[in-house]
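Trainee: Shown below is the structure under consideration.
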Amino acid sequence: MRTHSIHYMMAALLLSGATPALSLADEMASYAVDVTARVSSDIRTRGVSDSLNRPGAKVTLQVAHESGLVALAEFTTVSKKEFLGGDGAGVLLAGGYRFGDPEAWHFGLGLASEMFPGAQFKAPNRFDFDTFTPTDVRSTNYNSQFAVLEIGYGALEGRIANVLSKTYRGANTGGVCGAILQFSQDPTKGLACYARGDHNSRGSLLYDLDYKYALGMNTTLKLHAGYQQIANFDEANFADYGVGLVHRWWGFDWGLDWVTAKTRARELYLADDDGHARATDDSRWVLSVSRQF
């Protein structure tokens, strides 16, 4: 189970702090198409690694119409050891509508779908306390769907994403309680989780607040704070923070970010790496290089 985002999941259209390349005041063209390629030392979503703390790549296609309609397709490399049985890829499709003044109050509404082709896990969703054995083994995928509300003022962007799908990145009783029982040194934590019954995570809420400030000399300061509130599983709630710099040089954007996540149950953010439990929620510096075409 991977309870962290929102490819969001959320590094672009509506699920990111980025403003569409075509502003609402731009009347020179009816639409703009942007393609951005990015490589980084780690693929992080909500402060937690999707690439098992290893380098990865991302390609983003964004279309923005002068009416305010926007659409996005994003393709990301992820770890097959975290997203089990998958192709090692994450796909985000999103669309929505933005309106208002980019220099003052502006708003956005949208829908998004995050998918990990072929990835799924099997876990028991119930525990028989009479025989003291796990039961009801089911397969669960990591795919999620969201409704997104965006409210911003100038360079300050706030977003709330509501999970519409049955689970958020596989967060159900089998995913959450099973992971705690597997990785925790105290089995009573996992058993207490199972004792609450069979639940999913529909209705979870993801909050993000981002701010960008131009420092001059083609350099921008980025600040981020986020929180995820997972329905029926308080263990999976956590806050994440980030601070970074982006410098444009030779047509490329060079980034350096410090990211951290304050998780409650670390067992949910451990992955089996060839017999070793590897933490994916450690604080870390992330280097990146991107170019827009």
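Trainee: Which of the numbered conditions does residue 37 fail, given that it passes all the others? Conditions: (1) at pLDDT below 95; (2) surrounded by fewer than 17 Cβ atoms within 10 Å (Cβ to Cβ); (3) of a type outside the set (S, T, N, Q).
Mentor: Every listed condition holds for residue 37 apart from (1).
Trainee: I would also like to ask the following. Of everything in the range 87-118, what is farther than 18 Å from residue 44 by Cβ and assigned to a loop (DSSP other than H, G, I, E, B)? Give them in sequence order.
Mentor: If the condition is that a residue be farther than 18 Å from residue 44 by Cβ and assigned to a loop (DSSP other than H, G, I, E, B), then 87, 101, 102, 103, 104, 117, 118 are the ones that fit.
Trainee: To continue, here is another question. Any residue at all in the range 151-158 that is assigned to a strand (DSSP E or B), under 17 Å from residue 230 (Cβ atoms), within 20 Å of the chain's Cα centre (by Cα) and not small (Gly, Ala, Ser)?
Mentor: Checking the range 151-158: not a single residue is assigned to a strand (DSSP E or B), under 17 Å from residue 230 (Cβ atoms), within 20 Å of the chain's Cα centre (by Cα) and not small (Gly, Ala, Ser).
Trainee: Among the numbered criteria (1) buried (at least 18 other Cβ atoms within 10 Å of the Cβ); (2) within 24 Å of the chain's Cα centre (by Cα); (3) over 30 Å from residue 254 (Cβ atoms), which single criterion is violated by residue 194?
Mentor: The number of the failed condition is (2).
Trainee: If I ask for residues that are at pLDDT 95 or above and part of a loop (DSSP other than H, G, I, E, B), which ones from the range 252-291 would you list?
Mentor: 280, 281, 282, 283
Trainee: For the range 197-218, name all the residues that are farther than 15 Å from residue 160 by Cα and part of a loop (DSSP other than H, G, I, E, B).
Mentor: 197, 198, 199, 200, 201, 217, 218
Trainee: Within the set of pairs 6 or more residues apart or between chains, which connect a residue that is part of a strand (DSSP E or B) inside the range 49-77 to a residue that is surrounded by fewer than 18 Cβ atoms within 10 Å (Cβ to Cβ) and of a type in the set (D, E, K, R) with Cβ atoms less than 6 Å apart?
Mentor: 62/34
Trainee: Quick one: count up the residues across the range 219-251 that are assigned to a strand (DSSP E or B), small (Gly, Ala, Ser) and in contact with a Ser or Thr (Cβ under 8 Å, 6 or more places away or on another chain).
Mentor: Qualifying residue count for the region: 1.
The values are calculated or read from the model by the stated rules, or taken from the named source; none is laboratory data. Remember, it's a predicted structure, so these values are computed and weren't measured experimentally. Every residue, glycine as well, gets a Cβ built from its backbone with ideal geometry; the counts of neighbours run over all protein chains shown.
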